[in-house]
């Protein structure tokens, strides 16, 4: 999503300066981690679609391969409705494997050539979760919106909640009114929930082999079929109803959590539409925990779902401010670790935990992901990434249960402590254990078929 958004931003920059129709070609250079895992992550595909002015929130994901093939065969990219430019994949998408840009490991440079020979160049950095920044001053808001009670740490969060006698989700809702009404915030949260449900449902209804050459077989389809004894469902609602009517013993529930996570990340690995939380590679943890709560805990309906999503988002912002959510910067602890922490705190909030227990749950979850390396085999977000989402979800639920049954005043570590340590660990971690596919499991020889 980051490179896709960067490409769209570059087109917007050209359009704003009335240069877009003067463009004859655009060359994209991918640096550092973006180059080393670019093919496996589909970064090249994202750039091409972004330069084609496609919207990642609405594109028909089943037609992505067809669109890419059409562009490659025609040698043309439609950068706007009325302007096409020449495109040659090998010439216009460059993987700079041995070069990095200083600001961030996930760097990219777009260079547009105009009719008069002028070259317009801009650099962008994908910092995780689909967020893109530049080093240019024009990326800083001239009139930033300030929330009523800004929170940059656990201390800020708890101080504001204590001052106003609010739960964490209530404080987040209050702060969101700086941008939109409570009704609109609730609507957006439920939109996210709807997308999560649809993503899981698509995942459990698709079988076959994931793209990329590792020949990883989709598992959510077969597992769902096995656990529901072959029942078929035409709607998400009926599918969820069947799960709720089924067994609720520990082993069954545990298996369903894995199915939910696998379904999302198999969709991600095949360029399906997912909810990035906090990143695409870790996008299965929060949906798995939220669907678990909806299916297997009593009275977990829309109000609790909204609380969950608001709280998860707030915890995620603390990591963005105090550490990182980018595996290229911090290893997998910055993705699965953060998502597990977000889910643990959110579940605790939705199940009625105190604000202190919410923070404790988030701390516990991250504490047991510290130092986790990012080592995708072949640069593909498949092995070990897909299974790690299942494990992250289980850890989140365990962390929540522990916090809910604990006296949080006796906790010796705070969420602020663990975020600081996570960032220090990220800085100490060798680059080969980050998102480069050069260390850990990624260095084990595996035959990758042509794809």
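No value in this document is a laboratory result; all are computed from the given coordinates. Quick caveat, the model's predicted, so the values are computed rather than measured. Virtual Cβ from ideal backbone geometry, glycine too; neighbours counted across all protein chains shown.
Between residue 406 and residue 248, the FRET efficiency estimated from the beta carbon spacing at R0 = 25 angstrom works out to 0.55.
Note on 110, 233: ascending count of other Cβ atoms within 10 Å places them as 233, 110, the fewest first. Put a dot 7 Å past the Cα of residue 89, heading toward its Cβ, do the same for residue 428, and the two dots end up 4.3 nm apart. Averaging the sequence gap over all C-alpha pairs within less than 8 Å and six or more residues apart, then dividing by the number of residues, gives segment 141-194 a relative contact order of 33 percent.
Here the calculated FRET efficiency for residue 115 and residue 417, from their Cβ-Cβ distance with R0 = 56 Å, stands at 0.45, rounded to the nearest 0.05. By how many degrees, 0 to 90 and rounded to 10, does the Cα axis of helix 154-164 deviate from the longest principal axis of the chain? Taking the Cα atoms of the chain, the angle to 154-164 is about 60 degrees.
The distance separating the Cα centre of segment 5-59 from that of segment 190-257 comes to 33 Å. Length gained on full extension, residue 444 to residue 57, computed as 0.36 nm times the residue gap minus the Cα-Cα distance: 135.7 nm. Tell me the mean residue ellipticity at 222 nm calculated for the chain from its helices only (DSSP H runs of n ≥ 4, each -39500 (n - 2.57), averaged over every residue, nearest 500). Per the formula, -15500 deg cm²/dmol.
Between residue 164 and residue 98, the modelled labels are 5.5 nm apart [label points 7 Å from Cα along Cα→Cβ].
You can think of it this way: the chain between residue 180 and residue 273 has 30.9 nm of extra reach, that is 0.36 nm per residue less the Cα-Cα gap.
Sequence-distant contacts, meaning Cα pairs under 8 Å at least 6 residues apart, place the relative contact order of the chain at 16 percent. Between helix 2-16 and the chain there is an angle of about 50 degrees, using the helix long axis and the longest principal axis of the Cα atoms.
Taking label points 7 Å from Cα along the Cα-to-Cβ direction, residue 17 and residue 302 give a separation of 4.7 nm.
Can you tell me the relative contact order of segment 227-302? Whole percent, Cα pairs under 8 Å, sequence separation 6 or more.
Averaging sequence separation for qualifying contacts and normalising by length gives 28 percent for segment 227-302.
Listed peptides 330-340, 49-59, 413-423 appear in the order 330-340, 413-423, 49-59 once ranked by packing, highest mean of other Cβ atoms within 10 Å at the front. With Cα atoms as the point set, segment 171-247 shows a radius of gyration and Dmax of 17.7, 49 Å. Rg and Dmax of segment 263-370, based on Cα coordinates, read 13.3, 39 Å.
Once you have a ≥ b ≥ c as the square roots of the Cα gyration tensor eigenvalues for segment 154-443, tell me rounded if a/c is under 1.5, and otherwise prolate or oblate according to whether a/b is larger than b/c.
Since a/c reaches 1.5 but b/c is at least a/b, the shape of segment 154-443 is classed as oblate.
Angle of helix 302-322 to the longest C-alpha principal axis of the chain, folded into 0 to 90 degrees and rounded to 10: 60°. Packing here is the average count of other Cβ atoms within 10 Å per residue, and on that basis the peptides 205-211, 313-319, highest first, run 313-319, 205-211. Taking a cut-off of 17 Å, what percent of all Cα-Cα pairs in segment 2-139 are separated by more than that? The share of Cα pairs beyond 17 Å in segment 2-139 comes to 56 percent.
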